[in-house]
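Below is one structure, written out as structure tokens, with a few remarks after it.
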Amino acid sequence: MTSAMRARLFFVTLLVAAVGGGAWYYSVQRGAAAPTPGQGQTQAQGARASKAVPVSVAPVVQRPAPVEISTVGRVQTLSAVAVRSRIDGVIANVSVADGQEVKAGDELFRIDDREAQAAVKLAEANLGKDQAQLTNAKRELDRLTPLAAKNYTTRADYDTAVTNVATLQASIAAD
């Protein structure tokens, strides 16, 4: 026999042995994977299978079952209202809760009014100042009127007094 024939014979023998070993391993594994009840059980396993399991008993009561639906979704309102303030400011208090029904005239929010109160006090102070100046301007005009009639004062001083009274009356109207 030549060396090439010996090598082929060796490889064929090796191949037959590998296929036979695989078939044997497969049959052993398949048989061990699913033992039938009663086959191959030890005495301890049989004792565990025959042990009693405790069961609790409760009386039957008829009552409505709670309906719970768990889902993912999106809620969309039927209508929406935009609430805008006529003045700018910081919200100091929210008087309503989400979803609460409100009527016309109900207080929804309270705006911090400290800045507005300060502006009102400033305007009142300006009004008082302008009223005091108007009173003084009227007294000045009352003094100059008889003097201007007799030409004891200049016409410019009299016109200035009249203009001051008119200017202060317009300032009071604006205040």
Quick check on my filter: what residues within segment 29-66 are of a type in the set (A, V, I, L, M) and either assigned to a loop (DSSP other than H, G, I, E, B) or at pLDDT 80 or above (or both)? Ala34, Ala52, Val53, Val55, Val57, Ala58, Val60, Val61, Ala65
Working only within segment 74-98, note down all residues that are open to solvent by less than 80 Å² (accessible area, probe 1.4 Å) and in a loop (DSSP other than H, G, I, E, B). Ala82, Ser85, Gly89, Ser95, Val96, Ala97
Which condition breaks for Glu140 when tested against (1) modelled with pLDDT of 90 or more; (2) loosely packed, with under 10 Cβ neighbours inside 10 Å; (3) of a type in the set (Asp, Glu)? (2)
Identify, by number, the condition in (1) of a type outside the set (Phe, Trp, Tyr); (2) out of contact with any helix residue (DSSP H, G or I) (no Cβ under 9 Å at 6 or more places or on another chain); (3) touching a residue at least 24 places away in the same chain (Cβ under 8 Å) that Ile87 doesn't meet. (2)
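Regarding segment 102-117, can at least one residue be identified that is part of a helix (DSSP H, G or I) and open to solvent by less than 60 Å² (accessible area, probe 1.4 Å)?
Looking only at segment 102-117, we keep the residues that are part of a helix (DSSP H, G or I), and these are 114-117.
Now drop any that are not open to solvent by less than 60 Å² (accessible area, probe 1.4 Å), which leaves 116.
So far as segment 102-117 goes, yes, one or more of its residues are part of a helix (DSSP H, G or I) and open to solvent by less than 60 Å² (accessible area, probe 1.4 Å).
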Pairs please, first residue from segment 152-171 and under 21 Å from Asp130 (Cα atoms) and open to solvent by less than 50 Å² (accessible area, probe 1.4 Å), second anywhere and in a helix (DSSP H, G or I) and acidic (Asp, Glu), Cβ atoms under 6 Å, 6+ apart in sequence or on different chains. Ala161/Glu140; Leu168/Asp130; Ser171/Asp130
Restricting attention to segment 132-175, which residues are under 30 Å from Val120 (Cβ atoms) and outside any helix (DSSP H, G or I)? Asp175
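The values are calculated or read from the model by the stated rules, or taken from the named source; none is laboratory data. Predicted model only: the values in this text are computed from it and were never measured. With ideal geometry, Cβ positions are generated from the backbone for all residues, glycine too; neighbour counts draw on all protein chains shown. Side chains are part of the model used for accessible areas, which takes the heavy atoms of the whole protein and leaves out ligands, DNA and RNA. Shrake-Rupley method; radii C 1.70, N 1.55, O 1.52, S 1.80 Å.
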